[in-house]
Structure formats: C-alpha cells, structure tokens
Amino acid sequence: KADASATEGGSAGDGGVGGSGSLAGMYGSASIEPIVAAYWIGMPDNANETGGGPFVYLFSGPLACADISAASGWVTGIPAGTQVTELLIGTTSLGTAVPAAAHAAPGALEANYAAGGSTAETRATSGSVTLTAYTKDSAVDGTVDVTFPAGSAKGTFHAVWCATGREF
C-alpha cells in the first residue's frame, strides 16, 4: 500500500504531523529542541541492516510523512536548522537495551543527529535504545540515552508509521 500518510493518534492522512517525544541534552554546542514530529519509516535503503528493526526519525520541526517520502536525501530539503535524530534500531524486542555501535546491525543501534539543509551527520559513540512498545506498521515507542563526540541525548519517543518514508 503506497500511502504517504502516517497512522495512529496525533497524525493525519492529509499531511498532518505525527508522533512525539521528549529529548534533553546537546547536539554539539546546541541544546536539543522539542520534538515536534516522529516517524518510523517504511522504505529504508536496506531493511536487513537492522535485522528488521525500526528506522526512527525525530524532528524539531513540523514535518509530515510526505516531507520524508520523496527520495533519500530529503534532509537537505527540509528547513535549515531543523534538528533530526536518526535511530536505526536492531531489534523489535521490548525491554532490552540495544547498544550503540559504529554501524546499524541486528542487536545494535546506530544513532545519528543532523540538521536540515545539511548532509553532515554525527554518530553516537556510546549509549543505547530500549523499545517499550512495538506494533508492526503502526507505532514504536522507546527510551534513548546516547552520547556523541560532543553532546548527548536522553529521553523518550513515540514514532508513528510512515509507510513511504525514506532514509535521510
């Protein structure tokens, strides 16, 4: 089903914004801004990269599922400065901390942050994500606590399904 809408409460099929979350910390020298939208994408470049685990994106701006569905590389086309947190989570199991790693893999987490208008991303060097709820093709919830070369992020997320969403 090629539907560009997000599902679940807090979103709309007409381009509405979906998902939520709350992170505290710093991305480099910038404070993490409030999460306005959160999506679990349905069209990653390689779904096997995480062993079938979710690819989650958290945004500080009001992005709709359609905004991340056109093609990979959408990060350069979203408003400059919009904070983007990328969580490639190598599990669908609840309650198990998935440790940060250099690359996404089954049983591992790749966590990155970037800013709209730029292709530069910064990868976490340590930390983990733990899933607290997982409903296939609907929504995924979890806690995150990761450290970057400069900065860290800690908090929760509720990402809604974006069937046509792609990686940045």
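Determine which member of the set Pro54, Pro106, Pro62 is loosely packed, with under 14 Cβ neighbours inside 10 Å and closer than 15 Å to Ala159 by Cα.
On the way: Pro54 fails: loosely packed, with under 14 Cβ neighbours inside 10 Å; Pro106 fails: closer than 15 Å to Ala159 by Cα.
One residue alone meets the criteria, Pro62.
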Checked segment 69-89 for anything of a type in the set (A, V, I, L, M), at pLDDT below 95 and either closer than 22 Å to Thr156 by Cα or open to solvent by less than 30 Å² (accessible area, probe 1.4 Å) (or both); matches are Val75, Ile78
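Taking into account only those residues within segment 45-59 that are assigned to a loop (DSSP other than H, G, I, E, B) and under 21 Å from Leu94 (Cβ atoms), which is nearest to the chain's Cα centre (by Cα)? Talk me through it step by step, then tell me what you get.
Here is the first cut: in segment 45-59, the ones assigned to a loop (DSSP other than H, G, I, E, B) are 45-46, 51-54.
With under 21 Å from Leu94 (Cβ atoms) added as a condition, the list becomes 51-54.
Values: Gly51: 16, Gly52: 15, Gly53: 12, Pro54: 9 Å.
Per the stated criteria, the residue is Pro54.
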Residue pairs qualifying under the 7 Å Cβ cut-off, at least six apart or on distinct chains, with the first in segment 125-138 being in contact (Cβ under 8 Å) with a residue 12 or more places away in the chain and aromatic (Phe, Trp, Tyr) and the second being open to solvent by 30 Å² or more (accessible area, probe 1.4 Å) and part of a strand (DSSP E or B), are Tyr134/Leu94
Are there any pairs, at least 6 apart or on different chains, whose C-beta atoms fall under 6 Å, with the first in segment 53-78 and touching a residue at least 40 places away in the same chain (Cβ under 8 Å) and the second charged (D, E, K, R) and part of a loop (DSSP other than H, G, I, E, B), and if so, which?
-> Ser72/Glu167
Looking at segment 146-156, is at least one residue polar (S, T, N, Q), at pLDDT 95 or above, out of contact with any Lys or Arg (no Cβ under 9 Å at 6 or more places or on another chain) and crowded, with 18+ Cβ neighbours inside 10 Å?
-> yes
Looking at segment 14-24, is at least one residue part of a strand (DSSP E or B), at pLDDT 95 or above, open to solvent by 50 Å² or more (accessible area, probe 1.4 Å) and over 18 Å from Cys162 (Cβ atoms)?
-> yes
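The values are calculated or read from the model by the stated rules, or taken from the named source; none is laboratory data. Every value quoted in this text rests on a predicted model; they were computed, and no experiment measured them. Every residue, glycine among them, receives a Cβ derived from its backbone with ideal geometry; neighbour counts consider all protein chains shown. For accessibility, only protein heavy atoms count, side chains too; no ligands or nucleic acids. Shrake-Rupley method; radii C 1.70, N 1.55, O 1.52, S 1.80 Å.
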